[in-house]
């Protein structure tokens, strides 16, 4: 797995020393770390999975050292997950912009590479769930309950990433259908033009045959 492109130790320390009033800071830190880990890489599911793994493990490791009285570890982990969701939402938007630009330039979204990009978008939320489950499983007993609550809440309510990805895929599908309808309309117009040309051609042939008959060329009698 490639090395994380963010300061994992700094993220661990931040969660280790965090207080209840630093929720928004933890969320932003997790979001920034995820984006930093994705920068300069292709937005493939493999790279996204690696980024989420690095960030979630760092947050979990820090939270495991911050189990003192008055510390809501579940809330801390919830902020970390929300931050990662925020970062993935930006990744979805980047994909949507790229796909919309290519489609506007005439690219066929049914092309296998673009179709795979749409398929990957649909899998982003599942990738987030699966990665966090693995992090939770490796966190150990002290955090198992907190992770369980966070994951249950997330799966029940869904993520911003999943919602936006679904909307993007739906919009792109509509764009594909519009393109297909336009293509069909163009094909029908071409077919109609060909049919009209054929009709004109047939009329010309019939006219020529009629003129030939009127000139006195009697048709030959069929042989018995």
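A short reminder: the numbers here are calculations on the coordinates, not readings from a lab. What you see is a predicted model; the values in this text were computed from it and never measured. Please note: Cβ atoms are built from the backbone with ideal geometry, for glycine as well, and neighbour counts cover all protein chains shown.
Packing here is the average count of other Cβ atoms within 10 Å per residue, and on that basis the peptides 132-142, 55-65, highest first, run 55-65, 132-142.
As a proxy for reagent exposure, ranking 116, 53, 90 by other Cβ atoms within 10 Å from fewest up yields 116, 90, 53. Each label was represented as a point 7 Å from its Cα along the Cα-to-Cβ direction; for residue 167 and residue 25 these points are 3.2 nm apart.
Between the beta carbons of residue 90 and residue 141, assuming R0 = 30 Å, the FRET efficiency works out to 0.30 to the nearest 0.05. At an R0 of 30 angstrom, the distance between the Cβ atoms of residue 116 and residue 39 translates into a FRET efficiency of 0.85.
Among 160-171, 71-82, sorting by the average number of other beta carbon atoms lying within 10 angstrom of each residue, highest first, gives 71-82, 160-171.
Sorting the Cα pairs of region 8-178 by distance into bins of 5 Å, from 0 upward, gives 1, 9, 18, 20, 17, 12, 9, 6, 4, 2, 1, 0 percent per bin. Once the Cα-Cα distance is subtracted from the 0.36 nm per residue extended length, the residue 16 to residue 101 segment shows a gain of 26.3 nm. What separates the Cα centres of region 4-26 and region 119-146 is a distance of 19 Å.
Between residue 72 and residue 46, the FRET efficiency estimated from the beta carbon spacing at R0 = 30 angstrom works out to 0.35.
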